[in-house]
1. Cα extents of the range 40-131 along the three principal axes, largest first, in whole Å?
2. Can you give the net charge of the other residues whose Cβ lies under 10 Å from the Cβ of CYS140, counting K and R as +1 and D and E as -1?
3. Tell me the trypsin sites (Lys or Arg not before Pro) within the range 36-141 that lie in a loop according to DSSP and have at most 10 other beta-carbon atoms within 10 Å.
Amino acid sequence: MFPLLFLRRATCCVSSFTVRSVYGGLTAGLFLACSGAEEPEAAPGAPIPCEVQQVLERNCLRCHGEHREYGAPYSFTSLEEIHRVRGSEPLYRRMFEALEDDFMPPVTLKVEPPVQDISDADREVLMEWTRAGAPEGEACQ
């Protein structure tokens, strides 16, 4: 039996959770039925963690900024917006899926200057943050 370090509830019917072992760092994905609990909402004005904000500025806010460009449907300018439910799930889950599927950033978009692909390190920062439920953190100074 492995001790559970964390589990997050989801609003979907079935969700993948990460379970980590203290012994050897093994990681396994489990499918668990949801309890129907709602996703936590971000408090108005809650800060996006500085490291995440810097990654968003380098890679996302050109299109997903306050003034959305090139058909971007969402803004990533506040934690409250990133936690807003779109369809059946919060936006941060869609962010995770778009990064995981290499759908974003859209390097084939014909704009000047061209859209650059996100670095592996920046992608990992955003994926870890969204996987953790996009928690608030210390804002950049």
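1. Extents along the principal axes: 36, 26, 25 Å.
2. Values: positive: none; negative: GLU51, GLU57, GLU138.
It works out to a net charge of -3.
3. Working: sites: ARG58, ARG62, ARG68, ARG84, ARG86, ARG93, ARG94, LYS110, ARG123, ARG131; in loops: ARG68, ARG84, LYS110.
Here the sparse-neighbourhood loop sites are LYS110.
Readers should treat all values here as calculations from the given coordinates under stated rules, not as data from a laboratory. What you are looking at is a predicted structure, and each value in this text was computed from that prediction instead of being measured. Note that each Cβ is placed from the backbone with ideal geometry, even for glycine, and that neighbours are counted across all protein chains shown.
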